[in-house]
Amino acid sequence: MESTRPLASTIPPIAGARDSTNVETDRYCGNALNPAITPVATSVPVCSSVGPDPEFVEPLQNLTVTAGRDVKLQCSVKHLGSYKVAWIYMERSAILTVQNHVITRNPRISVSHDQHHTWNLHISSIQESDRGGYMCQINTAAAKTRVGYISVVVPPSIDDALSSSDVTAREQSSVTLTCSATGTLPLTVRWRREDGKLININRTLAITEWEGTHLDLSKVSRYDMAAYLCIASNGVPPTVSKRISLSVEFPPSVTLHQQLIGAPLGSTVSLDCTIESSPSALHFWSRSDGTDLHEAAKYLMQSSSSVGPVVTPAMAGSSQPTWPAFRTQLRLTIVNVTARDYGAYRCVAKNQYGEADGVITFHRKLLSTLLL
């Protein structure tokens, strides 16, 4: 709440009959007023009235609202006569409004009247500091009051400045991801992998979801490389999330599908190898004498983007075989094989952490002859 004039939590009535020279009494009891005079009340004067005593029509509501919303509290009174209705914020013992007049300096506070018997207190863009009790008071000799309470709840928010950004780590190192969230308590922070796979907390514990501000990953491997979602919730919509990418770096390795391949003269043959590397490796094919091969009419070179993953027997029947981003398949196709093409071929991969290669021996395979 912005600044208000601190007053008594109940408005002390002024004893005695109305003094016609009292400006506050004139104003609040409905007599002739000078409109240029702005009321500054330290109490709501007692007004005399003929007829039945005023009564509240119904209790005040207790409200639970989300921060930032506009709020209306209703106070319905019958037989008000010349008495006045005031709204008081109990947490600071401060008069907010009297009749149609706003006393507080808080620009988010206003009051309205339905021209019948209901007085509405309006709080725009409510804040956490506005929570607490609000009293509707009638300035009878023994003040009549009703109190309603406002609870302000705050949806979760993730503080980017105090949370992890994308992380790069060496394989076998340990990593801690942090997600700092605020909002009305109790607040829950959960972690999931964006790809839906298990989170490997360590070599013996793999779980679907982890709860806590920190996600500690012990001795990360290339298979921990993923986007992790930090999800904060507290029952107040909306739930919010932050995406943190973990990159795991390691030297390249080369795996050969076949180490020995044979084909006859004049045929076309393909040599395959698979590279795992992070960051991505510089990769190429060469002959055993160190001569690098370049794409031409003789040699066709493809990578995983065009070749696609190799489907192993265990993956057969899967609509989308696992093909991690750190894995690349290379294929060298030799067209119209001649005698000079036989020999050893190297699949080579290099990155900042090292170099690896695999050697495939390509030999001549004689065509079998069918004897009649």
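Overview of results
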quantity	calculated
Residue match in segment 170-187 (condition: touching a Lys or Arg at 6+ places or on another chain (Cβ under 9 Å) and free of Cβ contacts under 8 Å to residues at least 24 places away in the same chain)	no
Selected residue [basic (Lys, Arg), more than 28 Å from LYS350 (Cα to Cα) and either assigned to a strand (DSSP E or B) or at pLDDT below 95 (or both)] from LYS242, LYS197	LYS242
Among (1) assigned to a strand (DSSP E or B); (2) surrounded by fewer than 16 Cβ atoms within 10 Å (Cβ to Cβ); (3) under 15 Å from the mean Cα position of the chain (by Cα) - the single one ALA161 does not satisfy	(1)
Members of segment 319-334 found to be of a type outside the set (A, V, I, L, M, F, W, C), within 19 Å of GLU171 (Cβ to Cβ) and not in a strand (DSSP E or B), listed by number	THR322, PRO324
Every pair of residues 6+ apart whose Cβ atoms lie under 6 Å, when the first sits in segment 190-201 and is under 22 Å from SER180 (Cα atoms) while the second is buried (at least 18 other Cβ atoms within 10 Å of the Cβ) and of a type in the set (Gly, Ala, Ser)	ARG193/ALA226
All positions within segment 90-112 that are exposed (fewer than 15 other Cβ atoms within 10 Å of the Cβ) and closer than 17 Å to ASN139 by Cα	ASN100
Every residue from segment 335-372 that is part of a strand (DSSP E or B) and modelled with pLDDT under 95	none
Within segment 194-215, tally of residues that are in contact with a helix residue (DSSP H, G or I) (Cβ under 9 Å, 6 or more places away or on another chain) and surrounded by 18 or more Cβ atoms within 10 Å (Cβ to Cβ)	2
GLY212 being out of contact with any strand residue (DSSP E or B) (no Cβ under 7 Å at 6 or more places or on another chain) and more than 30 Å from TRP285 (Cα to Cα)	no
Single match in ALA263, ALA226 (criterion: surrounded by 17 or more Cβ atoms within 10 Å (Cβ to Cβ) and under 30 Å from THR338 (Cα atoms))	ALA263
Filtered residues of segment 113-137 (kept if more than 19 Å from GLU91 (Cα to Cα) and outside any strand (DSSP E or B))	ASP114, GLN115, HIS116, HIS117
Among the candidates LEU332, LEU293, residue that is at pLDDT 95 or above, more than 20 Å from ARG222 (Cα to Cα) and touching a strand residue (DSSP E or B) at 6+ places or on another chain (Cβ under 7 Å)	LEU332
Condition met for THR140 (touching a residue at least 12 places away in the same chain (Cβ under 8 Å), part of a loop (DSSP other than H, G, I, E, B) and within 20 Å of GLU58 (Cα to Cα))	yes
Any chance SER267 is over 30 Å from ILE199 (Cβ atoms) and modelled with pLDDT under 95	no
Of the criteria (1) more than 20 Å from MET225 (Cα to Cα); (2) of a type in the set (Ser, Thr, Tyr); (3) modelled with pLDDT of 95 or more, which one SER318 fails	(3)
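The values are calculated or read from the model by the stated rules, or taken from the named source; none is laboratory data. Being a predicted model, the structure only gives us computed values, none of them experimental. Here Cβ is always computed from backbone atoms with ideal geometry, including for glycine, and neighbour counts include all displayed protein chains.
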